[in-house]
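The values are calculated or read from the model by the stated rules, or taken from the named source; none is laboratory data. Here the structure is a predicted model, which means the values were calculated and not measured. Methodologically, a virtual Cβ is constructed for each residue, glycine included, from the backbone with ideal geometry; neighbour enumeration extends over all protein chains shown.
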């Protein structure tokens, strides 16, 4: 019972090495960044894609930004659901294969619908 912690030596060593690397990066960045504490108007100005900001930060955004972000999240999550099927493809049963085909068909229909509605067009 006393030697059960020996199984956790790889995890403990990984945590210790990670903490050591983090501490080292903090120290190195502190010393390398010591000469860059000059407060400058250019450093404090708002940066917006290389242009001077033309509205305040409380302004409204075009709905296309939100639609594109939601589409990215939806398709990104759907790819995450496809990964287990790809890993276990050689042991799929007919039922799971039909579910996979149905899921992929729904993805394709949703993608074609968004494409036809112009949600992927950027103007």
Every pair of residues 6+ apart whose Cβ atoms lie under 6 Å, when the first sits in segment 92-108 and is within 18 Å of residue 80 (Cα to Cα) while the second is in a helix (DSSP H, G or I): 100/85; 107/78
Qualifying residues in segment 47-76 (those that are closer than 13 Å to residue 119 by Cα and exposed (fewer than 10 other Cβ atoms within 10 Å of the Cβ)) - the one modelled with the highest pLDDT: 65
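If you take the residues of segment 81-123 that are assigned to a loop (DSSP other than H, G, I, E, B) and exposed (fewer than 10 other Cβ atoms within 10 Å of the Cβ), which of them is farthest from the chain's Cα centre (by Cα)? Give the derivation first.
First, the residues of segment 81-123 that are assigned to a loop (DSSP other than H, G, I, E, B): 88, 92-93, 118-123.
From the residues that got through so far, the ones that are exposed (fewer than 10 other Cβ atoms within 10 Å of the Cβ) too are 93, 121-123.
Working: 93: 32, 121: 22, 122: 22, 123: 25 Å.
Ranking the candidates gives 93 first.
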